[in-house]
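Taken together, the values in this text are just the output of simple stated rules run on the coordinates, not laboratory data. All values derive from a computational prediction rather than experimental measurement. Heads up, the Cβs are rebuilt from the backbone with ideal geometry, glycines too, and the neighbour counts pull from every protein chain shown.
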Amino acid sequence: MSGLARGDRRALMRTVQFRPIHSLIEAKLLNRTQNIQSLTASLHSRLSSELRHHCWVVDVIGNTLVLITDNAERATILRYQQHELVKQINEEFGHTLATPVRRIKIKIDYNLTKLPSNIVNSSNRDNKVINQAKHHCQQMLNLLNKSNT
């Protein structure tokens with residue numbers, strides 16, 4: 001777009017219709033993402049503070065809840081707690097999940113420890129960050145709409 005003349009860019013911007021970013025994502029994918037976020041929040045509420053910031057729900061595949069953590073020691077602790085976690089997750093999310101969770105698979109990704117702390121410890125900040133992103137996108141859309149008029 002930088003190769004276009006200023007008038008051509010304005011004309012192009014007038015023809016482009018902007019949609020909210022969430023409208024570009026399939027509802028099924030949004031629903032699945034929200035379920036995983038809910039499962040992660042629930043899991044974090046059941047774990048000690050030592051584990052809470054180092055464990056996340058990645059997916060639910062069939063009747064298996066897939067978790068990820070950043071080291072083997074934490075994975076071992078989670079394995080010892082898995083039966084109680086399965087029971088609690090089914091009590092809370094039995095109506096939401098297609099099939100009840102029967103087992104937990106724990107993966108280890110040592111690269112997670114290299115993430116910035118504001119990403120790794122985002123469990124309390126997720127909604128705030130999402131709302132800030134929505135607000136920023138809305139501001140950008142408003143700015144673009146004003147420049148088109």
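Below, the figures for the structure above:
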item	result
Residue-span extension gain [I61 to R46] - 0.36 nm each, minus C-alpha spacing	3.3 nm
Likely footprinting exposure, V60, V66, fewest C-beta neighbours within 10 Å first	V66, V60
Order by protection proxy (mean Cβ within 10 Å, highest first), peptides 72-79, 93-100, 45-52	72-79, 45-52, 93-100
Nearest-0.05 FRET efficiency for N35 and R102, computed from C-beta distance (R0 25 Å)	0.90
For the stretch 55-65, Karplus couplings with θ = phi - 60° (6.51, -1.76, 1.60), whole Hz, Gly/Pro x	8, 9, 7, 9, 6, 10, 10, x, 9, 10, 8
